């Protein structure tokens, strides 16, 4: 099929597409049909047609699976892909052959799978959705490969954590893969939206950085300096402050060179009570289960 000055509504079978009403009146210079089930060649256009301007329609067993706009022989404009039943599979935007701007992916049930944004042919933000269309994760980052990663509780769309991250990119078998390294502040939230913890990372490590844990009422509960790279290897050092539920300091402890702790104690109104020396880490007194009870809920959230 070769049409000049045509409307997309002229394409056979286009009325079955879910977005038919949106695209039916679009006028183009030329429409070229390419049946991928009948062609063994990967070439879409012949050499003399390398200045093609118009729309390429791809079919699979007479069902439209793609509609893409071209300028001067390369992708330029919107590209739609479809499931065989006519439902949208993706909507992408191209500029001079490279993906640029928004790209939306859909699941077979019609719900969103992800929303992506590309700049200079590189992914700079993405939102993921579960099969019911509820958001599960999103990230945004800049040209320096620093960004924000947000995660959500399943089926609730309530945020479970937000993290400052560095983005690492590498190509595996020609496909770009991304990974995130925690670098900066991570906030962890309970399912009811209250703040559970604020963690500080440097290049993926907690070592020598201050960490804060919170009561359900939003008041700080513990302020500690961590010895250990990962939260599962959590140990405290240098300083520990515990707080009453009203936000007043309960105990302020500093570690000495010999490993002992000097602690100042206060009442619930903030009045100084006394000072004591403790041989063991003063909050848990060496009981590892104490910190496990504090950390396990945080680990559970971050693992999802």
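Just so it is clear, none of the values below were taken in a lab; they were calculated from the coordinates. As the structure is a computational prediction, the values presented were derived from the model and not from experiment. For neighbour counting, all protein chains shown are included, and Cβ atoms are generated from backbone atoms with ideal geometry for every residue, glycine included.
A few remarks follow.
- Cα-based shape type of the chain, given that a ≥ b ≥ c are square roots of the gyration tensor eigenvalues and the cut on a/c is 1.5: prolate
- Pair residue 169, residue 121: separation of 7 Å Cα→Cβ label points (nm): 1.1 nm
- Simple spin-label estimate for residue 155 and residue 192 in nanometres, 7 Å along Cα-Cβ: 2.0 nm
- Taking a ≥ b ≥ c as the square roots of the eigenvalues of the alpha carbon gyration tensor, segment 96-239 is oblate, as a/c is not under 1.5 and a/b does not beat b/c.
- DSSP finds beta bridges in the chain, and of those with both partners inside it, around 95 percent are antiparallel.
- In terms of its alpha-carbon gyration tensor, segment 76-170 comes out oblate; a/c meets the 1.5 threshold, while b/c is at least as large as a/b.
- Residue among 138, 29, 126 with the largest mean-square fluctuation in a Gaussian network model of the chain, springs linking Cα atoms under 10 Å: 29
- Between segment 147-180 and segment 230-304, the Cα center-to-center distance that results, in Å: 31 Å
- Angle between the chain longest axis and helix 288-303 axis [Cα atoms, degrees, rounded to 10]: 10 degrees
- Separation of the residue 185 and residue 285 label points, Cα + 7 Å toward Cβ, nm: 3.5 nm
- Across the chain, C-alpha contacts under 8 Å between residues 6 or more apart give a mean separation that, scaled by the residue count, equals a relative contact order of 6 percent.
- Note on the chain: helix-only mean residue ellipticity at 222 nm, from DSSP H runs of 4+ residues weighted -39500 (n - 2.57) and normalised by residue number, equals -2000 deg cm²/dmol.
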